[in-house]
1. Rank these for me by crowding, Lys152, Lys95, going from fewest to most other beta carbons within 10 Å.
2. Please list, ordered by chain and number, the residues whose modelled amide H lies under 5 Å from the amide H of Ile28; skip anything fewer than 5 residues away on the same chain.
3. Using 7 Å Cα-to-Cβ label points, what is the Thr133/Asp43 separation (nm, one decimal)?
4. Say a paramagnetic label sat at a point 7 Å from the Cα of Ala166, along Cα to Cβ; which residues of segment 46-81 have their backbone N under 18 Å from it?
5. Using amide H atoms built 1.01 Å from N in the peptide plane, name the residues 5+ places from Ile59, or on other chains, whose amide H lies under 5 Å from its own.
6. So if we plug the beta-carbon distance of Asn126 and Asp97 into 1/(1 + (r/R0)^6) with R0 = 30 Å, what FRET efficiency do we get, rounded to 0.05?
7. Tabulate in residue order the Karplus-calculated ³J(HN,Hα) for segment 132-148, using 6.51 cos²θ - 1.76 cosθ + 1.60 with θ = phi - 60°, rounded to whole Hz; enter x for Gly and Pro.
8. Can you check what the net charge comes to around Thr54, using other residues whose Cβ is under 14 Å from the Cβ of Thr54 (Lys, Arg +1; Asp, Glu -1)?
Amino acid sequence: MRSLVAITTVFGFFLIGAAFADTNSLAITDGVTCQYNIPDTLDVGPYQINAGTTFNTSITLSCRSSIATTITATMSSDQYSLAKPTPRVTAGTQKVDYNLFLGMGVNQQNFGGTPYIHNFNFPSANVPAVVLTDNIPLVARFPGGQWVPAGKYSDSIVITVDFQLAN
């Protein structure tokens, strides 16, 4: 198993602009490389006190292979751990709870408690190599009813991406 670790600061309230700069590449074996692109900073925008706020972006995973194989990408985060049971953005002593999800529809799950698994299937050898790319939705939901003063709220999330060849 080969791992890439992304440390990304996420969720700046009332900020302008977002940088999508965290891209890393890893050679898995001869003829196979994989990479990810995770937003480095996200601008959630103003928090809607009554309705709450939802922010959508994505994590891009891609693998390039010239051999027949299946590559499993497993993503996990430090959210929903014993040290961080409820994700929160903070500004000083003020806190806003949020939920973080990966995927869409029936495949959507909390991002943290259970690793998110995505497979890339290369059924045959290819010359030149074939690149498969998928955008995995990343959704942050900030429930309404959290009365906090305006300000710059932030949180840090450690995201780990493991790529593994099928046996």
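None of the figures in this text is laboratory data; all of them are computed from the coordinates on show. Predicted model, so just to flag it, every value in this text is computed and none were measured. No Cβ is skipped: glycine too gets one built from the backbone with ideal geometry, and neighbour counts run over all protein chains shown.
1. Values: Lys152 12, Lys95 15.
Least to most surrounded, the residues fall as Lys152, Lys95.
2. Result for Ile28 returns Thr33, Cys34.
3. 2.3 nm
4. Under cut-off, by backbone N: 62-75.
5. Hits under the 5 Å cutoff: Ile136, Leu138.
6. On the way: r = 46 Å, r/R0 = 1.55.
Calculated value: 0.05.
7. Running phi through 6.51 cos²θ - 1.76 cosθ + 1.60 with θ = phi - 60° gives 10, 10, 9, 9, 9, x, 10, 10, 10, 10, 10, x, x, x, 9, 7, 9 Hz.
8. Around Thr54, the surrounding residues sum to -1.
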